[in-house]
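Remarks on the structure that follows.
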Amino acid sequence: MIKLIKCEFMKTRRRYVFLTALTVTAAMLAWIYPRHQSADLIRLGWMANLYELPLINSIFMPLLSIIVSSRLCDIEHKGVMLKQLAVTKKRSQIYDAKLIYGLIIMIFCLILSWGMTITFGYIAGFEGEVPIRLYLLYFLFTATPTIAVYILQHTLSLCFKNQGVTFFSGTIGTFLGALSLFFPQLPWLRRILVWGYYGALSFVGLFGWTKENRYKQAHFEVMGIDRNSFIILLFICIAMYIIGREIFKRKEL
Amino acid sequence: MNEIVKTAGLTKLYKGVAAVSDLNMSVRKGRIYGFLGPNGAGKTTTLKMLLSLIRPTNGEIEIMGRRMEAKSRIEILRNIGSLIESPSFYGHLTGAENLRILQTLLDVPKMNIDKVLKIVRLDNQRSKKASAYSLGMKQRLGLAGALLAFPKLLILDEPTNGLDPAGIQEMRELIKSLPTQFGMTVIVSSHLLSEIDQMAEDIGIIAKGKMMYQGKLEDLHNIDRNKSLEEIFLDLTGREQSL
């Protein structure tokens, strides 16, 4: 498997996959940071981040998944390489190696944005200490939906020659996932869409915000953690991996 | 064991329509087997089944005395080099980098890259991106990939497709040299009778998914001495396609 992953790395030479992923991550960070300029948001900064980031992640991380998976799999379709690979290695190994390499890129970007979020908090002078336990939980609850979304995108990118299918389904899913966050009264909506779990697993609530005073008398609170959603998501991850791998194994090349 | 490839009742149905029907193929060791048939006759489908790229609806495949099954597949394929339909390559990588990936996957010595590049006469173009190769060079790169592990069996699907006359001749000479030089058995498919006539020792003629003739090429010439090889071929394939 190490050899296969090494091959994945060799294949992406001159494809600038890491650079593309970093650019998307940088765009995400550039969108977040200018928002934290007011004194109130600096006061509430650490918790405000945890409240706002799931929505931003629900848009950027699936988009990043589409881009990374598509760039990694497209080279196989363009070069008619799947046939060549399938006569040298087991298809399950091909599926796994590409998935692992893609996830390495995704998790790297996630760690980078997570680290940058905390670094920015210190630079901006957010009040108090960073609630590290909550930030670790936030990382876990961002990484898990990202893995689920990536497995789905990976399977689509690998099975469909036309990457338009991947882009279209991924974009629609991202839109619906982000939209589901605006309907907190319908929690099931977030659970039926894999893209909705960024919201389903968010655990910080905003109280006291008004149109007139905005964040002046507002405060954030840690809500209950939705363990059920997390367990469901883990099952979704496993199911999508097994199904995706099986579809690829059965695909006629 | 004289037969390196043997199929029994090999069948592939697509939505109930037979692309390959009850095919019994027999390829002798150390020979060049020409697999001839009009376009759409089922040549590529058969070769893909031999390589497990598609699953047969029915029938059995035996390669090198071993039955092709999910368990034994990769082990058998380790001894087979192939070039199916169009050559496979990563356009953004150089010829040598493409082979380096295959060499890593096949777990063969690194020096094989230089050897095969020399065999297909691409050693001077090794640092050029594959996307900048001409079609002939791409075909040769594909062949280099197929030869990389110096397999016992080489399966080439229309390897001269799209090549100019000089390229066709070069490829033909290269293929002809493989059994004597490296002891390989070659299965080469084509829809051009002249192509197979100049290359193969044994021949299998397929039409509408069925094997119409199988045997030595010289025996095909002897079927009817009053008829040309083209006429014999057209008789066998039902005169449905031009050559």
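The values are calculated or read from the model by the stated rules, or taken from the named source; none is laboratory data. Remember, predicted model here, so these are calculated numbers, not experimental data. A quick note on method: Cβ atoms are made from the backbone with ideal geometry, for glycine too, and the neighbour counts reach across all protein chains shown. In case anyone asks, the SASA skips ligands and DNA or RNA and just uses the protein heavy atoms, side chains included. Shrake-Rupley method; radii C 1.70, N 1.55, O 1.52, S 1.80 Å.
Which whole-Hz couplings ³J(HN,Hα) result when phi for each residue of the range B:37-45 is put into the Karplus expression 6.51 cos²θ - 1.76 cosθ + 1.60, θ = phi - 60°, listed in order with x for Gly and Pro?
Result, rounded to whole Hz: x, x, 4, x, 6, x, 5, 5, 4.
For the pair A:A124 and A:N228, how long in nm is the line joining their label points, each one 7 Å along Cα→Cβ?
Label at A:A124, label at A:N228, 3.4 nm between them.
Please report the accessible area of B:E201 (heavy atoms, 1.4 Å probe, ligands and nucleic acids excluded) in Å², nearest 10.
70
To the nearest 20 debye, what charge dipole does the range A:2-250 have about its Cα centre, counting +1 at the Cβ of each Lys and Arg and -1 at the Cβ of each Asp and Glu?
1280
Within chain B, what is the longest stretch that has no trypsin sites (Lys or Arg not before Pro) placed in a DSSP loop and near at most 13 other beta-carbon atoms within 10 Å?
Longest run free of exposed loop sites: B:122-224.
Return the subset of B:K15/B:K48; A:K161/B:K12; A:K98/B:K128; B:K6/B:K29 for which the Cα-Cα distance in this structure is over 21 Å, preserving the input order.
From the list (B:K15/B:K48; A:K161/B:K12; A:K98/B:K128; B:K6/B:K29), the Cα-Cα distance tops 21 Å for A:K161/B:K12; A:K98/B:K128.
Can you find, among A:G128, A:V68, A:I42, the residue farthest towards the positive end of the dipole of the range A:2-250? Put +1 on the C-beta of Lys and Arg, -1 on that of Asp and Glu.
A:V68
Treating the beta-carbon of each Lys and Arg as +1 and of each Asp and Glu as -1, no other charges, what is the dipole magnitude of the range B:82-230 about its Cα centre, to the nearest 20 debye?
500
With a 1.4 Å probe and all protein chains kept in place, how much accessible area does B:E60 have, in Å² rounded to the nearest 10?
80
What are the ³J(HN,Hα) values, in whole Hz, obtained from phi via the Karplus relation 6.51 cos²θ - 1.76 cosθ + 1.60 with θ = phi - 60°, for each residue of the range A:192-199 in sequence order, with x given for Gly and Pro?
8, 10, 5, 6, x, 6, 4, x
Using only helices, what value at 222 nm comes out for the protein assembly as shown when you add -39,500 (n - 2.57) per DSSP H run of length 4 or more and divide by the total residues, to the nearest 500 deg cm²/dmol?
Rounded to the nearest 500, the figure is -17500 deg cm²/dmol.
Taking chain A as a Gaussian network, Cα atoms linked when under 10 Å apart, which of A:K98, A:K211, A:K83 shows the biggest mean-square fluctuation?
A:K211
Could you run the Karplus curve 6.51 cos²θ - 1.76 cosθ + 1.60 with θ = phi - 60° over the range A:144-152 and give me ³J(HN,Hα) per residue in whole Hz, x for Gly and Pro?
Calculated HN-Hα couplings, in order: 5, x, 5, 4, 4, 4, 5, 4, 4 Hz.
Solvent-accessible area per residue for the protein assembly as shown at a 1.4 Å probe radius, Å²?
Heavy-atom accessible area per residue stands at 45 Å².
Largest first, how would B:Y33, B:Y14 line up by accessible area (1.4 Å probe)?
The residues order as B:Y14, B:Y33, largest area first.
Can you give the charge dipole size of the protein assembly as shown about its Cα centre, rounded to the nearest 20 debye, using +1 on the beta carbon of Lys and Arg and -1 on the beta carbon of Asp and Glu?
Roughly 640 debye, rounded to the nearest 20.
Determine the percent antiparallel among the DSSP beta bridges restricted to the range B:89-221, to the nearest 5.
Around 60 percent of the beta bridges assigned by DSSP in the range B:89-221 are antiparallel ones.
Compute the normalised compactness of chain A: alpha-carbon radius of gyration over 2.2 N^0.38 Å, N being the residue count.
Output field value: 1.08.
Which one, B:I187, B:I223, B:I206, has the greatest fluctuation when you compute a Gaussian network model over chain B with C-alpha springs under 10 angstrom?
B:I223
For the cross-link pairs A:K90/B:K216; A:K11/A:K89; A:K83/B:K43, which exceed 27 Å when the distance is taken from alpha carbon to alpha carbon?
Violating the 27 Å limit, Cα to Cα: A:K90/B:K216.
With unit charges on the beta carbon (Lys/Arg positive, Asp/Glu negative), name the residue among B:L220, B:L106, B:F233 whose Cα is farthest towards the positive pole of the charge dipole of the range B:104-243.
It is B:L106, whose Cα lies furthest towards the positive end.
Restricting to the protein assembly as shown, what percent of DSSP beta bridges are antiparallel, rounded to 5?
Beta bridges within the protein assembly as shown, antiparallel portion: roughly 60 percent.
Let me check something: with ligands and nucleic acids excluded, how do B:T45, A:T166, A:T210 order by accessible area (1.4 Å probe), largest to smallest?
These residues rank, largest area first, as A:T210, B:T45, A:T166.
How large, in percent, is the carbon and sulfur part of the accessible surface of the range B:25-116 at a probe radius of 1.4 Å?
The C+S portion of the solvent-accessible surface of the range B:25-116 is 44 percent.
Of all the accessible heavy-atom surface of the range A:2-250, with the other protein chains kept in place and a 1.4 Å probe, what percent is carbon and sulfur?
Heavy-atom surface of the range A:2-250 belonging to carbon and sulfur, 1.4 Å probe: 70 percent.
At the nearest 100 Å², what buried accessible area, both sides summed, do you get for A and B when the probe is 1.4 Å?
Its buried surface, counting both partners, is about 2700 Å².
Name the residues of the range A:67-82, by number, that are at least 20 Å² less accessible with every protein chain in place than in the isolated chain; the surface is that of heavy atoms, probe 1.4 Å, without ligands or nucleic acids.
A:I75, A:G79, A:V80, A:M81
Under a crude label model (7 Å from the Cα following the beta-carbon direction), how far is A:K251 from A:I2 in nanometres?
My value for the distance between the label points is 2.8 nm.
Is there a simple number for the mean count of other chain Cβ atoms within 10 Å of the Cβ of residues in A:85-92, and what is it?
Averaged over the peptide's residues, the number is 6.
Amide H of B:A19: which non-local residues (sequence gap of 5 or more, or other chain) have their own amide H closer than 5 Å, using H built in the peptide plane?
B:K12, B:L13, B:Y14
Pick from B:P87, B:P151, B:P165: which residue has the top mean-square fluctuation in a GNM of chain B where Cα pairs under 10 Å get a spring?
Judging by the Gaussian network model, the answer is B:P165.
Can you list residues from other chains, or at least 5 along the same chain, whose modelled amide H is less than 5 Å from the amide H of B:Y213?
Here the answer is B:I205, since their amide H atoms fall under 5 Å of that of B:Y213.
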